[in-house]
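Structure first, then comments.
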Amino acid sequence: MSYFALVPAAGSGFRMGGSLPKQYLPLAGRPLIYHALAALAAVPAIERVFVVLAPDDNEWARHDWTPLSGRIEVLRCGGETRAASVTNGLRAMRQMSVAVGPEDWLLVHDAARACLTADHVTVLIRAVGDDPVGGILAVPLADTLKQGGDATDGNARIVATIPRERLWQAQTPQMFRHGMLLGALEFAPAVTDEASAIEALGLTPKLVASDMTNFKVTYPLDLQLAELILRQREKEA
Ligand code: CTP
Ligand code: MG
């Protein structure tokens, strides 16, 4: 039984704005996606890190990935949705030089979670252990949740309060066995994360406590926050 990582990076970064997909925006001296790939590649237990690009991606080739050579493998099979990109990646990796079997563990991680560390990954791998289902990194919700009503004028009003008890924010990596995950995504293709597909099978993935530094870079301000975190780590190293 081996561990592999799969990083979907075929999105367009619509909420970030701009013409360059956010995974290639400059962040702490590298393209944004480099940081997540480097964190995963730094975990000795992970045999190979697969990256799923859009078939028409012409940005990847413009950057230098030599520090990660031998650790990463590119798959040009991204789909219309994140779930489609992951599903295509899972299928493609069965035909690669390093054979991936149905019982092998897959850690699926968003390219956009640039502040992931090897420690985050190790915590997840240890906590999931040989669990029959798998698990994900997540953070217990700190804020009270408010449901807003119709906001035709841009100013919504509160229509309901959702108690935060037992609510978690899902992050990635999300760790499941290759065969089970592919089966789950074929059964439930319209999901926004891997755990939802596994849940649709009636299974209950583990929640493994993470922290907010592993946030997803989505809006322009997030880029500045990620830059601060990564530069601070450089100073401390
Ligand atoms: N992703 C993907 N294929 C898609 C859509 C998204 O591989 N068709 C990837 C993104 O590249 C990203 C991850 O899934 O690494 C998480 O998605 P998200 O943060 O939503 O990125 P985008 O979809 O690119 O951003 P947006 O939703 O703002 O367009
Ligand atoms: Mg998206």
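Just a few scattered comments:
- Pick from the stretch 52-76, criterion closer than 17 Å to Val100 by Cα and at pLDDT 95 or above, ranking: farthest from ligand 1 (Cβ to nearest atom): Arg71
- Checking Thr117, Thr161, Thr192, Thr172 one by one, the residue that is over 23 Å from Asn214 (Cβ atoms) and among the hydroxyl-bearing types (Ser, Thr, Tyr) is Thr161 and no other.
- Test: residue in the stretch 177-198 that is open to solvent by 20 Å² or more (accessible area, probe 1.4 Å), among the acidic types (Asp, Glu) and over 25 Å from Gly79 (Cα atoms): no
- The residue that is farthest from ligand 2 (Cβ to nearest atom), counting only those in the stretch 1-16 that are aromatic (Phe, Trp, Tyr) and open to solvent by 20 Å² or more (accessible area, probe 1.4 Å), is Tyr3.
- Gly79 part of a loop (DSSP other than H, G, I, E, B), open to solvent by 10 Å² or more (accessible area, probe 1.4 Å) and within 16 Å of ligand 2 (Cβ to nearest atom): yes
- Search result, residues across the stretch 165-207 that are touching a strand residue (DSSP E or B) at 6+ places or on another chain (Cβ under 7 Å), of a type in the set (A, V, I, L, M, F, W, C) and under 23 Å from Ala9 (Cβ atoms): Ala170, Met175, Phe176, Leu181, Ala195, Ile198
- Among the numbered conditions (1) more than 15 Å from ligand 2 (Cβ to nearest atom); (2) in contact (Cβ under 8 Å) with a residue 12 or more places away in the chain; (3) under 18 Å from Arg82 (Cα atoms), the only one that Ala41 does not meet is (3).
- Scanning the stretch 17-34 for residues that are within 7 Å of ligand 1 (Cβ to nearest atom) and open to solvent by 20 Å² or more (accessible area, probe 1.4 Å) yields a total of 2.
The values are calculated or read from the model by the stated rules, or taken from the named source; none is laboratory data. If you're wondering where the values come from, they're calculated on a predicted model, not measured in any experiment. Glycine also receives a Cβ, built like all others from the backbone with ideal geometry; neighbour counts cover every protein chain displayed. Only protein heavy atoms, including side chains, enter the accessible area calculation; ligands, DNA and RNA are left aside. Shrake-Rupley method; radii C 1.70, N 1.55, O 1.52, S 1.80 Å.
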